[in-house]
Every structure is written in C-alpha cells, then in structure tokens.
Amino acid sequence: MMNVCFDASALVSLFVGDAFGERCETYIETYGPNILVSDFAVVEFSSAINKLVRMEMLPASTAQGVFLDFEEWRRRAVTQVSLESRDLAAADGYLRRLDLNLRTGDAIHIAIAARVDASLATFDQRMAQVASLLGLDIAPA
C-alpha cells in the first residue's frame with residue numbers, strides 16, 4: 001500500500017467540496033492509499049477553514065461541521081504524522097535554495113513527506129513541481 005501525505009490544499013478540497021474534492025475522493029477510492037496527515041497539515045487546514053469563514057465564503061455553522069467531520073475522518077482513516085525538528089531543518093535547507101522558490105509551509109510539507117518516504121498529494125502546482133524536482137512522487141490526484 002502506498003503512503004501519501006496530504007497537504008492542506010488536498011484536505012480542504014476533501015472537506016469543503018470545491019472543484020478538486022471529487023478528484024481527491026476518486027483518487028482515494030481508486031488507489032486506497034495509506035493517508036498520512038501531519039499535525040502541520042491539520043493546523044494549515046484549520047487556518048484555511050478559518051479564512052473561508054472570515055471571507056464569508058463559508059458560514060461558521062458549516063465550518064464547525066467541517067471541523068467535526070475532519071476530526072472523525074482523522075480518527076478512523078488516517079495515519080498521524082508529527083512535525084519534527086529535522087523537518088524544519090530540511091525545510092530551511094529547501095528555502096535557502098533560492099532556485100526552488102518555495103513558501104515556508106510548502107517546504108515543511110515537502111520535508112515531512114520526504115522524511116516518512118511518502119508521495120505528496122497537493123493541488124498546489126508549484127509545490128508539486130518542486131517536490132518532484134526534489135525526488136518526491138506526486139500522488140495522481
């Protein structure tokens with residue numbers, strides 16, 4: 001079974017039902033990967049949901065339901081991965097490579113996936129390109 005780290009873009013798509021959500025669900029049903037979710041991805045997911053509420057794109061009552069559904073899914077269907085200091089050190093190394101043009105969060109997701117030897121599920125095309133350049137497999141979501 002393939003291990004796949006989901007970043008916040010993939011997680012939000014799964015739980016908010018945006019344009020990519022169906023693609024993500026189809027990928028999970030088709031490939032049945034072992035889904036890994038880092039505690040860092042959880043924080044980014046919460047931030048993204050919070051932003052949707054602030055921007056009035058998602059009602060607060062709906063967001064609360066999204067959080068409950070997300071936590072239930074994490075308990076039953078996901079392998080949790082903790083952020084480690086070596087992930088931050090690796091991310092710092094990626095960020096110091098000025099040719100990669102990464103954001104901090106993306107560098108952290110890539111570092112975590114690399115450490116746990118997992119593919120990366122993301123809808124962020126720039127992050128996917130850099131992750132691939134660094135040797136990570138990108139989940140075909």
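Some values worked out for this structure:
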{"quantity": "Cross-chain or 6+ apart pairs with Cβ under 7 Å, segment 7-29 first and under 20 Å from Gln80 (Cα atoms) and small (Gly, Ala, Ser), then assigned to a loop (DSSP other than H, G, I, E, B) and modelled with pLDDT of 90 or more", "calculated": "Ser9/Thr122; Ser9/Phe123; Ser9/Asp124; Ala10/Thr122; Ala10/Phe123; Ser13/Phe123"}
{"quantity": "Total residues in segment 97-118, condition farther than 20 Å from Val12 by Cβ, of a type outside the set (A, V, I, L, M, F, W, C) and without any contact (Cβ under 8 Å) to a residue 40 or more places away in the chain", "calculated": "4"}
{"quantity": "Sole residue being touching a residue at least 60 places away in the same chain (Cβ under 8 Å), touching a Ser or Thr at 6+ places or on another chain (Cβ under 6 Å) and not polar (S, T, N, Q), chosen from Ala128, Ala121, Ala139", "calculated": "Ala139"}
{"quantity": "Helices (runs of 4 or more DSSP H) within segment 74-141 that include 1 or more residues within 12 Å of the chain's Cα centre (by Cα) and among the charged types (D, E, K, R)", "calculated": "104-115"}
{"quantity": "All positions within segment 33-56 that are in contact (Cβ under 8 Å) with a residue 12 or more places away in the chain, assigned to a helix (DSSP H, G or I) and within 14 Å of the chain's Cα centre (by Cα)", "calculated": "Asp39, Phe40, Ala41, Val42, Glu44, Phe45, Ser46, Ser47, Ala48, Ile49"}
{"quantity": "Residue count, segment 57-96 (criterion: touching a Leu at 6+ places or on another chain (Cβ under 7 Å), in contact (Cβ under 8 Å) with a residue 24 or more places away in the chain and over 16 Å from Leu36 (Cβ atoms))", "calculated": "2"}
{"quantity": "One residue from Asp18, Asp7 being surrounded by fewer than 19 Cβ atoms within 10 Å (Cβ to Cβ) and not small (Gly, Ala, Ser)", "calculated": "Asp18"}
{"quantity": "Failed criterion for Asp39 (all others in (1) among the acidic types (Asp, Glu); (2) in contact with a Ser or Thr (Cβ under 6 Å, 6 or more places away or on another chain); (3) modelled with pLDDT under 95 hold)", "calculated": "(3)"}
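Here is a yes/no grid of residues against (1) within 28 Å of Met2 (Cα to Cα); (2) in contact with a strand residue (DSSP E or B) (Cβ under 7 Å, 6 or more places away or on another chain); (3) hydroxyl-bearing (Ser, Thr, Tyr):
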position: Glu29; (1), (2), (3): yes, no, no
position: Phe70; (1), (2), (3): yes, no, no
position: Arg75; (1), (2), (3): yes, no, no
position: Leu83; (1), (2), (3): yes, yes, no
position: Asp87; (1), (2), (3): yes, no, no
position: Ala90; (1), (2), (3): yes, no, no
position: Tyr94; (1), (2), (3): yes, no, yes
position: Leu98; (1), (2), (3): no, no, no
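The values are calculated or read from the model by the stated rules, or taken from the named source; none is laboratory data. This is a predicted model, so every value here is computed, not measured. A quick note on method: Cβ atoms are made from the backbone with ideal geometry, for glycine too, and the neighbour counts reach across all protein chains shown.
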